[in-house]
Amino acid sequence: MKKLKVLLVDDEIIIREGFKRLFDWDSHGCEVVGEASDGMEALGQIDTLLPDIVIMDINIPIMNGLKVIEMSRAKHPDIAYVIVSGYDNFAYCRQALRLQITDYILKPVNYEEFGSCIDNLKISIYRNKENAETDCEKTEERVISSITRYMQEHISEEISLSVLADEFHLNSQYISQLFKNEIGVGFLAYLTNIRIEKAKKLLLSTSLSVTEIAENTGYSDYRVFTKVFKKTEGITPSQFRREFLAEI
């Protein structure tokens with residue numbers, strides 16, 4: 001399992017070194033990826049490193065820890081914060097609660113207590129990530145279902161990634177990736193398949209000409225349709241119709 005990334009924020013280097021040397025991050029499934037000694041540096045490191053967990057002192061230079069958390073929450077709502085402070089201050093605790101801080105630990109740090117905090121936090125983070133991934137998968141399933149239904153209903157019209165992007169207000173590259181992830185084939189392969197399958201049904205169940213069937217399946221030029229059909233089925237549309245009727 002991938003280790004969680006941790007950022008240490010404290011203006012005292014001895015405190016940061018203590019966290020690195022006295023706590024076994026590896027055994028708790030974490031790794032320290034960076035440090036910061038003041039509020040501005042902390043904001044920069046959060047933006048750059050995108051840690052899963054930030055261990056934050058409140059009284060740090062330039063900008064206090066609670067303000068850092070408040071500002072970074074807007075851009076990075078999923079990061080977990082643990083306050084480590086030398087001040088048992090009710091006002092700080094109340095503000096920390098308002099900012100949804102995961103835990104508030106007093107210095108000097110009891111590393112056994114801190115370990116329990118990290119373990120509980122790790123479980124919560126993984127659970128949230130799993131839920132987010134599940135929600136994302138469900139959303140993608142709904143999106144691709146809507147897109148394929150649209151393609152079936154508009155099969156006689158021009159259909160392209162740009163058309164679908166405009167229709168569903170999505171990025172065309174995202175739609176292309178959805179086809180590969182959710183269906184297992186590329187967009188063009190899927191489009192060709194549904195058009196040829198529709199053409200086969202029309203060839204066998206109607207008396208429409210090849211030209212008319214080409215138009216009904218999105219091919220403005222019957223010669224292009226015939227070429228694609230033969231490449232897919234191994235025979236021309238007319239041969240396909242004749243062979244089937246001969247077997248009846």
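The values are calculated or read from the model by the stated rules, or taken from the named source; none is laboratory data. None of these values were measured; they are calculated from a predicted model. Because the Cβ atoms are built from the backbone with ideal geometry, glycine has one as well, and the counts that use them run over all protein chains shown. For accessibility, only protein heavy atoms count, side chains too; no ligands or nucleic acids. Shrake-Rupley method; radii C 1.70, N 1.55, O 1.52, S 1.80 Å.
How big is the C-alpha Rg of the chain next to the rule-of-thumb value 2.2 N^0.38 Å, as a ratio? Spell out each step's value before the answer.
Numbers: Rg = 29.7 Å, N = 248, 2.2 N^0.38 = 17.9 Å.
So the Cα radius of gyration is 1.66 times the expected 2.2 N^0.38 Å.
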* How much net charge surrounds VAL228 when only the other residues with a Cβ under 15 Å from the Cβ of VAL228 are counted, with Lys and Arg +1 and Asp and Glu -1? -> +3
* **Mean Cα-pair separation over length for the chain, i.e. relative contact order, pairs under 8 Å, 6 or more apart, %** => 11 percent
* To do: Step through the residues of segment 138-145 one at a time and calculate ³J(HN,Hα) from phi using the Karplus curve (6.51 cos²θ - 1.76 cosθ + 1.60, θ = phi - 60°), rounding each to whole Hz and writing x for Gly and Pro.
  => 5, 5, 5, 5, 5, 5, 5, 5
* In deg cm²/dmol, rounded to 500, what helix-only [θ] at 222 nm does the chain give when every DSSP H run of at least 4 residues adds -39500 (n - 2.57) and the total is split over its residues? -> -19000 deg cm²/dmol
* To do: Enumerate the calculated ³J(HN,Hα) couplings along segment 66-73 in order (Karplus 6.51 cos²θ - 1.76 cosθ + 1.60, θ = phi - 60°), each rounded to whole Hz, writing x wherever the residue is Gly or Pro.
  => 5, 5, 4, 5, 4, 6, 6, 4
* Structure fact -> Residue span SER156 to ARG223: 0.36 nm per residue of separation minus Cα-Cα distance leaves a gain in nm of 22.5 nm
* What residues have an amide H closer than 5 Å to that of GLU35, excluding those fewer than 5 places away on the same chain, when H is modeled at 1.01 Å from N in the peptide plane? -> LEU8
* Can you send over the solvent-accessible area of ARG242, 1.4 Å probe, protein chains only, in Å² to the nearest 10? => 140 Å²
* To do: Enumerate lysine pairs in segment 129-248 that are 8 or more residues apart or on different chains, then count those whose Cα atoms are under 27 Å apart.
  => 18
* Per residue, how much accessible area does segment 138-248 have with a 1.4 Å probe, in Å²? -> 62 Å²
* How would TYR190, TYR111 line up by accessible area, probe 1.4 Å, largest first? -> TYR111, TYR190
* **Estimated vicinal HN-Hα couplings, Hz - segment 121-136 in sequence order (Karplus 6.51, -1.76, 1.60; Gly, Pro = x)** => 5, 4, 4, 5, 5, 5, 5, 5, 5, 5, 5, 5, 5, 5, 4, 5
* To do: Enumerate the amide H contacts of ASP103 below 5 Å, restricted to partners 5 or more residues apart or on another chain; note that Pro and chain-start residues carry no placed amide H.
  => ILE83
* Taking the Cα centre of each part, how many Å lie between segment 19-72 and segment 192-235? -> 62 Å
* Structure fact -> With Cα coordinates, the longest principal axis of the chain makes an angle with the long axis of helix 39-49, in degrees rounded to 10, of 30 degrees
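Give me the percent of the accessible area of the chain that comes from carbon and sulfur atoms, probe 1.4 Å, all protein chains in place.
50 percent
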